[in-house]
Amino acid sequence: MRPAAVPKPTPARTEQIILFRASNQIFAISSASVQEVRSVDSLAGAAVEISEATLPKVRHAIRRTDRHLYVVNAPLHFGLRPTPAALIFLLRQSRVALLVDGIEKMTTMTRLQALPAAFCHEERTWYRGLTVLDQNVIPVVHPAGFLTPAEISLLDAITDPQSLLNAAGTARAELSL
Amino acid sequence: MTWLEQLDTCTCVLLRLGERRFALVADQVAELAAPSRIFRFAQKTPEIDGVILRRGRVVPVCDIAETLIGKKLTQRRFYLIATRKQGQGLDWVALPVSGECELIQADLTPAGPSDSHHVAAWLSHQGEVIEVLNLYALTPGADPRHSPVSPTSAPEVHA
């Protein structure tokens with residue numbers, strides 16, 4: 001009689017993450033969602049200033065090929081005290097560039113726990129969940145949670161003179177009816 | 001059917017917040033834990049202090065003392081780990097308490113329409129009338145479908 005086959009343990013699904021600092025707090029972001037990491041200095045000349053009172057966390061845009069990327073200040077996004085930023089993460093397949101204080105380290109997470117339901121405000125949009133690393137609880141950010149499509153449209157309207165002209169033209173057309 | 005509709009006599013856990021005692025139905029209590037490190041991260045739910053790690057699980061800490069006794073607990077002796085039904089599963093919440101807890105059997109009197117939302121029922125113990133807490137009204141993000149006190153059961157008011 002052959003002994004029953006012992007099922008192979010399924011390897012834990014791992015994910016490469018970047019631990020970064022914003023206002024002296026540690027956050028994690030999936031490495032796969034970060035396309036480039038640049039120093040703030042390297043983009044100094046390429047950024048366009050934005051002043052939109054309803055979105056104080058966005059102060060700059062970077063022109064990339066045919067569209068703008070919007071620079072989101074991570075501490076302001078999370079409601080933290082602003083601190084001098086050193087790095088910008090250009091997010092993959094996103095219109096967002098994230099201004100952070102610095103990178104703590106790159107590591108691997110094996111388990112992402114859902115954010116407990118007791119957290120019921122903006123943090124549900126901010127985070128994919130929580131992970132435990134070296135007995136510390138680290139929030140894992142949601143790359144799509146930095147700007148809503150409506151906020152991106154608003155910023156597009158401000159930064160793109162063509163869209164402003166179009167908007168003005170539409171308004172005139174509506175008024176002339 | 002909720003525990004409140006099912007039971008007259010119920011096992012409850014008495015907890016102390018400052019000088020006052022409150023009760024939770026024992027079914028809603030997972031364990032009493034010693035204070036442990038609290039982890040804080042950016043978030044916007046004011047009732048949540050942070051999270052603790054318990055048996056590999058991240059448990060939010062919700063200080064209910066401010067609502068119940070009007071001030072935050074200055075000294076936390078334990079965390080009462082309570083459970084709420086959330087969809088098909090259970091959600092854990094750590095409630096800081098300022099004294100040891102006691103398991104008792106008591107007859108419950110359902111709360112009336114004039115009672116606060118956080119009161120699910122009343123019990124009498126050693127000459128003291130004690131509020132049995134409605135965790136779903138006290139803690140944020142609760143699934144209202146599982147609340148023992150249905151918001152729809154309140155009497156209608158007609159002008």
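As a fraction of the 1.4 Å probe accessible area of the protein assembly as shown, surface on carbon and sulfur atoms comes out at 52 percent. At a probe radius of 1.4 Å, figure out the A/B buried accessible area, summed over both chains, and give it in Å² to the nearest 100. About 1800 Å² of accessible surface is lost on pairing. Rg and Dmax over the alpha-carbon atoms of the stretch B:1-86 stand at 14.2, 43 Å.
Summed over qualifying helices (DSSP H, 4 residues or more, each -39500 (n - 2.57)) and divided by its residue number, chain B shows a 222 nm mean residue ellipticity of -1500 deg cm²/dmol. Rolling a 1.4 Å probe over the protein heavy atoms leaves A:His121 with an accessible area of roughly 80 Å².
If R0 is taken as 41 Å, the Cβ-Cβ distance between B:Ala26 and A:Arg92 corresponds to a FRET efficiency of 0.25. Label-to-label distance, B:Glu19 versus B:Ser36, with points set 7 angstrom from Cα along the beta-carbon direction: 3.4 nm.
The values are calculated or read from the model by the stated rules, or taken from the named source; none is laboratory data. Computed from a predicted structure; not experimentally measured. We place every Cβ from the backbone using ideal geometry, glycine too, and count neighbours over all the protein chains shown. Surface areas here come from the heavy atoms of the whole protein model, side chains and all, with no ligands, DNA or RNA. Shrake-Rupley method; radii C 1.70, N 1.55, O 1.52, S 1.80 Å.
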